[in-house]
Amino acid sequence: MRTMKTVALAGAALAFLAWGCEPSAPEARVAQGDLQRSFRVALLTPGPVSDAGWNAMAFRGLQAIQKDLGATVNNQETSETKIRDAMRSYAQEGYDLVFGHGFEYNEPAVEVAKDFPKTVFVSSSGGKTAPNAGAFRFALEEGFYVAGYVSGMMTKTGKVAMIGGPDVPSIRSTFKAFRAGAERAKPGVQVIETFTGKDADVAAAKQATLAAIGQGADFVVHQANAAAQGVFDACKEKGVAAFGANLDQNDNASGVVLGSAVINAEPAFLGLAKSVKEGTYQGGIEVYGMKQGAIDFVWNPNLASKVPAMVQEMVERLKGDITSGKLSVPMDQF
Amino acid sequence: MTAAIVLASVLVALWVFGVDPVSGVSLIAKGAFGDKFGVARTLVRAVPLVLVGLGVVVAWRAGVFNIGGEGQYVVGGLAAAWLAAALPLVGPLAMVSFLAAAALGGACLAWLAGWLEVHRRVPAVITTILLNFVSLQALDWAVRGPLQEPTRQRPLSARLPSESMLPRFDPQTDLHAGVFVAVAAVAAIWAFFRYSHAGFLVRLVGENPRVARANRTDTGRTKKLAMALSGALCGLAGGVTYAGVSGQIGDGFAEGWGFLAIPVALLGGLEAWGVLAASLLFGALLAGSENLSRFSAVGPTVVYVIQGLSVLGVLAAFRWRRAGGAGGP
């Protein structure tokens, strides 16, 4: 009996330890402002804000809000079943504005907004709104369209690849635009599409990229967020070119990033926070694209010599057409 | 005494993380009981601990070591979510049936482990741990397969309509009616051991199986019953979380309640009311350290460190007192 009890305790302790040892990436966090009644803004991200991509870009927006509006800011990584709880926690703390950085925050935002009329909840993409909840939509598709166009112009094998993390509509939509861009440049181009299903699995991203390159792809674009390094590493190994996404990833140490489809989120975050601070926010969905200066495609200056002048010129013209509204890039609503 | 150890653990954790102890403790206190939100949060955290803790007590009192609270909790949530997907239930009827399905699901899983121990001599310590993994895999599969929300975009089940969720007392606080379920369960388990014949048999089998056998008690049957009841309580905890807090299940649904409840049950002296007190203590600790992690620079790891240190500290103190022979716990 006594041994059994010891075994049971040891088992319990082990199980408890195993559960406690869940790996968690070091998290960048912003310092605390004073706890006086100030304008308070919180940011919820699906992944670590140190990912140099989707989450990092929102974090920059938050830092801009802290700096320019003197707001007390806070951020937390949260996903799936914990989203509502985190939103409620910030609202209970009297936060004025809670950003959820992804379309998956849209539904919880609208729902939690009902219980907390004094807090504004905004998600990055998503289609539902309330008087104190809404979304902004970054038209990253425009950047992906340009990247796709470049890949179509420059591919030698006639095959290009897209490597995604989870198979979600926001990522699907950008891939659709990339495909359209590639086909515009080279009708009949073959576009390989792979989803690893995971957001931060570097090894899976690398495997998927190697497989795509094995099928002949010589240009790879990604939507792998924190796992992007896996894509770049695979490209370096096989000597093919990649595109960066969300943030300017041209300076990635792999040296394979030819250009990046970037979101410049600061103006959008700042503008929204300003309207909330001034009490003029009304809910709704706002689109931020190339026209608003929120989306761009930037070349890697170190590799620009490898890009034919003709391609660079065509890209400039394409960007001009998108900005002027002459060309509208396919975009899913979700 | 326990409170002092917990406080000491908290201070050590704060010191290790380099947080100013005064602001750290005040953040914890505020998060745990600083305002109505804090109190509600503490109680909400305590509810699953109470239920799973009681489940641990029932099994351990019968001499069966149920380490599978986590798995039974998950299966409880799964059963409730499955029922919600299968039948168009709304309102109070829905709430009651979710909880019933959850309890039944947990009971079946734990009964299986009990059956294996009684009839196949496989220790429940091992089967329950292994069944945890089975349950987690089942959850993983279900939220990407049959139970996935209709748009099939996220690994989550469909969200319950708010009319089918356990009512909240105040829409802004988190406290839901599940707190009554927990208190009722404490009273019921206390009465079960004190007044019922079956409860007496469970205690007898756990404390002295030879006497039980000599008195022609079917010890196997009693153990299986205890395991089923234990599993039902753990499953119920999952059902209460599903219908009271999350309204959907997904990858993050198993939050480790099943594991944390084991030290909680031990801390509560394997007594119903003791479990309630220990759960409140840990509920407050969780709510407080979450607040600390959110509003200081230390990050979420501190929650686990504080938890782990407190559990170790309390268990060590128990051990030390017992070894010293000074009265015992």
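The values are calculated or read from the model by the stated rules, or taken from the named source; none is laboratory data. As the structure is a computational prediction, the values presented were derived from the model and not from experiment. In this analysis, Cβ positions are derived from the backbone assuming ideal geometry, glycine residues included, and neighbour counts consider all displayed protein chains.
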### Summary
Those residues of segment A:61-96 which are in a helix (DSSP H, G or I), more than 8 Å from every other protein chain (Cβ to nearest Cβ) and surrounded by fewer than 23 Cβ atoms within 10 Å (Cβ to Cβ) amount to A:Q63, A:A64, A:Q66, A:K67, A:D68, A:L69, A:A86
### Query
Looking at A:A234, is it crowded, with 24+ Cβ neighbours inside 10 Å and in contact (Cβ under 8 Å) with a residue 60 or more places away in the chain?
no
### Message
Checking the condition more than 13 Å from chain A (Cβ to nearest Cβ) and out of contact with any helix residue (DSSP H, G or I) (no Cβ under 6 Å at 6 or more places or on another chain), which residue from B:V57, B:V16 passes?
### Response
B:V16
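Regarding B:D170, is this residue among the charged types (D, E, K, R), within 19 Å of B:L236 (Cα to Cα) and within 11 Å of another protein chain (Cβ to nearest Cβ)?
no
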### Query
Which residues, counting only those in segment B:245-273, are part of a helix (DSSP H, G or I) and either over 17 Å from the mean Cα position of the chain (by Cα) or away from every other protein chain (no Cβ under 12 Å) (or both)?
B:D251, B:L267, B:A272, B:W273
#### Entry: Residues located in segment B:7-38, provided they are surrounded by 15 or more Cβ atoms within 10 Å (Cβ to Cβ) and in contact with a Gly (Cβ under 7 Å, 6 or more places away or on another chain)
B:S9, B:L14, B:I28, B:A29, B:K30, B:G31, B:A32, B:G38
### Task
Enumerate the pairs (first residue in segment A:179-193 and touching a residue at least 40 places away in the same chain (Cβ under 8 Å); second residue anywhere and loosely packed, with under 15 Cβ neighbours inside 10 Å) with beta-carbon separation below 6 Å, excluding pairs fewer than 6 apart on the same chain, so at least 6 apart or on different chains.
A:A180/A:P330
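Filter segment B:21-33 down to residues that are in contact (Cβ under 8 Å) with a residue 24 or more places away in the chain and within 11 Å of chain A (Cβ to nearest Cβ), then give me how many there are. Don't jump to the end; show me each part of the working.
Within segment B:21-33, the first condition is being in contact (Cβ under 8 Å) with a residue 24 or more places away in the chain, and the residues that meet it are B:23-24, B:27-33.
Those still in the list that are within 11 Å of chain A (Cβ to nearest Cβ) too: B:23, B:27, B:30-31.
Here the count works out to 4.
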### Flag for B:A232 being over 19 Å from B:L136 (Cβ atoms) and at pLDDT 95 or above
yes
### Message
Please pick out the residue among B:R216, B:R210, B:R221 that is farther than 30 Å from B:A284 by Cα, more than 12 Å from every other protein chain (Cβ to nearest Cβ) and part of a helix (DSSP H, G or I).
### Response
B:R221
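This table checks each residue for (1) out of contact with any Leu (no Cβ under 7 Å at 6 or more places or on another chain); (2) within 30 Å of B:P146 (Cβ to Cβ); (3) without any contact (Cβ under 8 Å) to a residue 40 or more places away in the chain; (4) part of a helix (DSSP H, G or I).
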| residue | (1), (2), (3), (4) |
| --- | --- |
| B:G239 | no, yes, no, yes |
| B:V275 | no, no, no, yes |
| B:A284 | yes, no, no, yes |
| B:E290 | yes, no, no, yes |
### Residues located in segment B:176-191, provided they are surrounded by 20 or more Cβ atoms within 10 Å (Cβ to Cβ) and not in a helix (DSSP H, G or I)
B:H176
### Query
Only one residue in A:V150, A:V110, A:V146, A:V122 is surrounded by 23 or more Cβ atoms within 10 Å (Cβ to Cβ) and either part of a strand (DSSP E or B) or within 12 Å of another protein chain (Cβ to nearest Cβ) (or both). Which one?
A:V122
### Query
Of all residues in segment B:40-89 being part of a helix (DSSP H, G or I) and without any contact (Cβ under 8 Å) to a residue 60 or more places away in the chain, which is surrounded by the fewest Cβ atoms within 10 Å (Cβ to Cβ)?
B:A86
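Please tell me if B:A40 is closer than 13 Å to B:G231 by Cβ, of a type in the set (A, V, I, L, M) and over 9 Å from the mean Cα position of the chain (by Cα). Talk me through it step by step, then tell me what you get.
On the way: closer than 13 Å to B:G231 by Cβ: no; of a type in the set (A, V, I, L, M): yes; over 9 Å from the mean Cα position of the chain (by Cα): yes.
No; evaluated as a whole, the condition is false for this residue.
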## Note on the structure
Exactly one of A:L270, A:L303 is surrounded by fewer than 23 Cβ atoms within 10 Å (Cβ to Cβ), farther than 22 Å from A:L43 by Cα and not basic (K, R), and that residue is A:L303
### Query
Do any residues in segment B:311-328 that are within 25 Å of B:L285 (Cβ to Cβ) have Cβ atoms under 7 Å from those of residues that are of a type in the set (V, I, T) and at pLDDT below 80, where the two are at least six apart or on different chains, and which pairs are they?
B:V314/B:T2
### Query
Has segment B:108-129 got any residue that is touching a Ser or Thr at 6+ places or on another chain (Cβ under 8 Å) and in a loop (DSSP other than H, G, I, E, B)?
no
### Sole exception among (1) within 30 Å of B:A32 (Cα to Cα); (2) within 14 Å of another protein chain (Cβ to nearest Cβ); (3) among the aromatic types (F, W, Y) for B:F180, by number
(2)
### Query
Only one residue in B:P161, B:P146 is within 11 Å of another protein chain (Cβ to nearest Cβ) and surrounded by fewer than 15 Cβ atoms within 10 Å (Cβ to Cβ), so which one is that?
B:P161
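Can you name the residue in segment A:179-200 that is more than 24 Å from A:P46 (Cβ to Cβ) and among the hydrophobic types (A, V, I, L, M, F, W, C) and, of all such residues, is surrounded by the most Cβ atoms within 10 Å (Cβ to Cβ)?
Once the filter is applied, the top-ranked residue is A:A182.
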### Message
Can you tell me which of (1) touching a residue at least 12 places away in the same chain (Cβ under 8 Å); (2) more than 12 Å from chain B (Cβ to nearest Cβ); (3) part of a helix (DSSP H, G or I) is the one A:A52 doesn't meet?
### Response
(3)
